[in-house]
Every structure is written in structure tokens, then in C-alpha cells.
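Down below is the structure, laid out as C-alpha cells.
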Amino acid sequence: MEDIGLMVNTRLWFWDKTTAVRQMFRVATRVSALLTVGLLLALSFSACVSSDGPSGTRSGTDGSRKFDLVIANGRVIDPETGLDAVRHIGIENGAIVALSETGLDISDDGLLVDAGQLVVAPGFIDLHAHGQDFESNRYQAMDGVTTALELEVGVFPVDRWYEARAGEGLINYGASVSHQGARVRAMRSAFASANSDGTFSLGESGDDTLYRAASDGEMSRLKDFMQQGLRAGGIGFGFGLSYTPGVSHRELLQLFQVAAAFEVPSFVHLRSTRDFAHGGPLAPFQEVIANAVSTGAALHIVHMNSTSGTRAEEALALIRGAREHGVDVTTEAYPYTAGASLIESPLFDNWEDRVTSAYRTLQWVNTGERLTPETFTAYRQEGGWVIMHGRSEATNEWIVSQSDVIVASDGIPFSAGRAHPRGAGTFSRVLGHYVRDRGALSLIDAIRKMTVLPAQRLETVVPEMKQKGRIQVGSDADLTIFDPATIIDRATYEDPDQYSAGISHVIVAGTFVVRDGTLQEEARPGRPLRGRHLVP
């Protein structure tokens, strides 16, 4: 501190002015250096004793923290922060509590998993999963899914649906309020009792309430039912407009107004193109975007690849343009060129006069056979799932590669037998075929479309989603660990009930549901995700 004393010494006034200035600069530099060293020491000490620092807790033989579960040496990818590096993850009580560049210790009864050569990603979030049963969940878990939600068609009654699944979740689950389910009850359909427990339904063509407009009294009851569903925990509204052709533009607009008042999103399967005399494939997109603009409601358009057809680039430009002008609108796609639906539903009305070659695009799920006019008629009376072929792979790859199109499966239930392969292989197909084999998009971008993007879509209505879709200290320990060199879908249209390859471990709330590539049949860590709504 001699230099500081010199600064105040009276002899300073007799020095050469230049010498004094130089001396003062040297003193200031030394003081600044001392302060910088002190600050760095303080930060280093803080990082060593806190689990909340950028490198997490440092553990060892010095009595520092130990963990229930450690995922070591994995290539950790967190799309929100851009992290893509080897890290060690400490997990306790279902949450990530440490993220470290150095090794972490486990507790006496803890577990260490070496993830060397593997990618550690946030658990995949599927916004569009109709297979809300244990059998379907098995295929989803083996595809890396940790949260599967029924948001397109939704469920009704909502409370019964959640009650039936309490304590039985292999993975996390949740649902929107089904417009169709509420509508058939509001209009007193004879078919309403068919799914009185809230199970999946697309309706039957013999139900007249699907084809006629709602009266004023029926609209009033419908609004009440939809609001009851939100108060029971429904995650927004689910619309399957192709399956309810009687819905008027007025009805849809009024329900968007209700959604806006509750500040919840609407998840929409667009109206069929045939319902617009001259609009073509873009008209269904324009209808719902206009409703979102005029009401302020949030909008999510499901499976744009099966709706937009050859006009995909224009349809996505519409969505992007609306978003740039402040409209809260998102979309999704699955990585297959064929769709699927129930043959008895209104979607197949007026098929009887089509040419024979059109029926060959339809594949009966139970047998794998292609249909003829005769088998179409027979199976339509019987009822069941049919796969619809015919879309362009070039267009499909372009959609899958777009950074703002969320990955979602539209997987149909396996509980009734065979299903579409997208319920078993969607996420592995994107990572194996489109990322590794085709190079259509980067690994981190694909993971972002499966994790943080769907989480962000729901955060305003499901607060728990702020802790999902990420690998950060404080995030839920929902993780998918896979081999990027071998991951691939194995399910096919002819043999759909095949688990994906390359998924090593899947963890839900700190509990393994897949371990060393094997499904953990007795695990039930899945938890319900419910909406938390503004009540007008």
C-alpha cells in the first residue's frame, strides 16, 4: 500500500506532472487487479459449494454432495441454451440438481449410468398422441417419449378421463377439452354414451348431430360444457373439424372467443377442403387464422403435412406471416407420407363414386391389404382403422426439416391391435432417417422440435412445462438417452408394432421407464398435466 501513501504525500505537488500521472495510473492498475482477483476467488468458491452454478456441484472425497442418480459422460444437448457438450448430470427427487463438467459422486444406494458415446436429450414431448392407453405408452416410451398428450381431438368428460388414469401412467399424460365430445352431449346425440368415460372417438357417420348446425340453445349448453372441461383441467380446446362437418363458421368463432377469454390455445384439425367451394387447401388455414386474429386466441394447427398437400410452402408462409404480425400460432407434422383414420367416420363420406385406383391408396390396418370398392363398403360397415397413402416424400422431407414445425406423432391406439407405425417410430425416424441418413436437419434442431418447442407451446396454460423440454438445473429429470449412430424406427405399415432401435434409456421424473434398451414394465412415474386457466 506504499503507492497509495505516496498519492497523498505533500511532496507529490513538487513532482513532474507527467511522472505523477504515470504513478497514479500504476496505482489504479494495481488496485483494479487486486479487486479482480478477489472477485474471481469469490466466484470460484461459490461455484464449488453451490449446485446452482453453471458447472453444478463439485463432488469428491471432501464431503461434498452426492446424488441418487448420475448420468455420466453423455453428450448433453439442451436446445434452449445451445449446450452441446459432454456433461455429468446429478438427479435427486425427480429433478436435475447438478450439471457438471467434472465427475459427480453417487450416494450409498445411488446409481451411476455411463452415457459415453450416447446423446442425452430432454425427454420427447408429443402434443398429438391418440394412444392414451398402457399398450400405446409402451411403444411411445421405447421411442423416447416422456410426455404424450391428447390435444387434437381431446377428451370429454375431462374429469373422468384423468380419474381413470390416476397412478397408472408409464409416461406423463394430459388432454384438451374435446369439442366433438362436448358437442354430441350438448346436442343430445344418441351416440354420446359411447365414450362416456372420455375415451377417444371420431364419431360415426350415422350420427346426425355431426352434420347439422347447433341451435342457440345447443350453443349455450356447448359453451357451458367446454368451460366445465377447462375447469376440470383440460389443456385448451381440441377441434376435429373434418369429423364434425355441421359446425358453422359462427360456432367456431364463438368458441375461439371462449378460448381467448380463458387464455387457452385451440388445437385444430382443419376443416376438409371440400367444405370450401373455391378455397382449395389454403382456405382451411385461412379460416382458423382469421379467427385467431379477430379473437386473440392462441392457435395450434395439427399435422400440417396431411392438410396442406402440395401447397405446404404457402400454408407455412401463412402461419409464419401471421406470427410475424403478432398472432400466437404454431403447427406440427409427423414424418410419414401416409395418414390414418377410422373408416366409419365422416372423413370418408362420399367415397362411393371414386375410381378403383383411389381405393388402392387405402390400407386396412388389421390385415395390411389394399382396399377395393367392395372391401371399402364392407369395412365401412364394420368400422376400424385405415391407412391413407399418397403424399409426396419430397414435400414431407421439406416439412420435417423446417425449424419451426414441431414434431408430433398423431399416433393411434395400439390397444385394439395393429396401428399406424407413427405411434411407435415418429421420433426415432426423424433422428435416424432425416437427421443422420438424409441430413435434412441438424441433430440439435431436431431435438429442439421434439422438446423445448412443444414445451413452450404449453407453458402459459400448463406451468409445469417450464421445467420440461430442457436439461438445466431445476428442470424435471425427464430424459431420453440414445445412440445417434443406431437410432431408427423399425415399425412399418405392414408390421407396425415394432419398438424403435437405438433408445438406450428413458427416464421420467428420475425413474427409468426404459433401461439398457428394455422397457420397465412395472414403472409408473407418469404424472397428469392439467391446464391452469384464467377464470373470466
message: Residues that are open to solvent by 50 Å² or more (accessible area, probe 1.4 Å), more than 30 Å from Arg457 (Cα to Cα) and in contact with a Pro (Cβ under 7 Å, 6 or more places away or on another chain): does region 399-419 have at least one?
response: yes
task: Test each condition in (1) open to solvent by 10 Å² or more (accessible area, probe 1.4 Å); (2) over 22 Å from Tyr243 (Cβ atoms) for Gln381 and report the one that comes out false.
output: (2)
- request: Give Thr331, Thr295, Thr307 a once-over and let me know the one that is surrounded by 24 or more Cβ atoms within 10 Å (Cβ to Cβ) and touching a Phe, Trp or Tyr at 6+ places or on another chain (Cβ under 8 Å).
  value: Thr307
message: What pairs come out if I take residues in region 507-536 that are free of Cβ contacts under 8 Å to residues at least 40 places away in the same chain and pair them with residues that are part of a strand (DSSP E or B) and open to solvent by less than 60 Å² (accessible area, probe 1.4 Å) whose C-beta lies under 6 Å away, six or more apart or interchain?
response: Arg515/His505; Gly517/Ser504; Gln520/Phe512; Gln520/Val513
task: Please state which one of Val247, Val288 is open to solvent by less than 30 Å² (accessible area, probe 1.4 Å), within 24 Å of Arg212 (Cβ to Cβ) and under 24 Å from the mean Cα position of the chain (by Cα).
output: Val288
query: Does Gln228 satisfy being open to solvent by 50 Å² or more (accessible area, probe 1.4 Å), within 25 Å of Arg532 (Cβ to Cβ) and at pLDDT 95 or above?
result: yes
- request: Return the total of residues in region 346-378 being surrounded by 12 or more Cβ atoms within 10 Å (Cβ to Cβ) and either of a type outside the set (Gly, Ala, Ser) or within 22 Å of Thr244 (Cβ to Cβ) (or both).
  value: 22
query: When you go through Ala194, Ala277 one by one, which is the residue that is of a type in the set (Gly, Ala, Ser), modelled with pLDDT under 95 and under 25 Å from Ala317 (Cβ atoms)?
result: Ala277
field: Every residue from region 320-361 that is more than 27 Å from the chain's Cα centre (by Cα) and within 13 Å of His389 (Cβ to Cβ)
entry: Ser357, Ala358, Tyr359, Arg360, Thr361
query: So, of the residues in region 420-433 that are open to solvent by less than 10 Å² (accessible area, probe 1.4 Å) and over 16 Å from the mean Cα position of the chain (by Cα), which turns out to be farthest from Gln498 (Cα to Cα)?
result: Gly432
query: For residues in region 57-110 being small (Gly, Ala, Ser) and touching a helix residue (DSSP H, G or I) at 6+ places or on another chain (Cβ under 9 Å), which is modelled with the lowest pLDDT?
result: Ser64
field: Complete set of residues in region 310-322 that are in contact (Cβ under 8 Å) with a residue 12 or more places away in the chain and either open to solvent by 60 Å² or more (accessible area, probe 1.4 Å) or not hydrophobic (A, V, I, L, M, F, W, C) (or both)
entry: Thr310, Arg311, Glu313, Glu314, Arg320
field: Matching residues in region 132-157 - criterion: being over 17 Å from the mean Cα position of the chain (by Cα) and in a helix (DSSP H, G or I)
entry: Phe134, Glu135, Arg138
task: Looking only at region 158-177, count how many residues are of a type in the set (Gly, Ala, Ser) and modelled with pLDDT of 95 or more.
output: 4
field: Cβ pairs under 8 Å, 6+ apart, first in region 462-479 and farther than 17 Å from Gly174 by Cα, second of a type in the set (Ser, Thr, Tyr)
entry: Arg470/Thr81; Arg470/Thr451; Gln472/Thr81; Val473/Ser51; Leu479/Thr146
task: Considering only region 206-223, state which residues are surrounded by 13 or more Cβ atoms within 10 Å (Cβ to Cβ) and either assigned to a helix (DSSP H, G or I) or among the polar types (S, T, N, Q) (or both).
output: Thr209, Leu210, Glu218, Met219, Arg221, Leu222, Lys223
- request: Counting only residues that are under 16 Å from Ser176 (Cβ atoms), give me the helices (runs of 4 or more DSSP H) lying completely in region 249-358 with at least 1 of them.
  value: 249-262, 282-295
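The values are calculated or read from the model by the stated rules, or taken from the named source; none is laboratory data. None of these values were measured; they are calculated from a predicted model. Positions of Cβ are generated from backbone atoms using ideal geometry, with glycine treated the same way; all protein chains shown enter the neighbour counts. The protein model used for the area step is the full one, side chains on, heavy atoms only, and it has no ligands, DNA or RNA in it. Shrake-Rupley method; radii C 1.70, N 1.55, O 1.52, S 1.80 Å.
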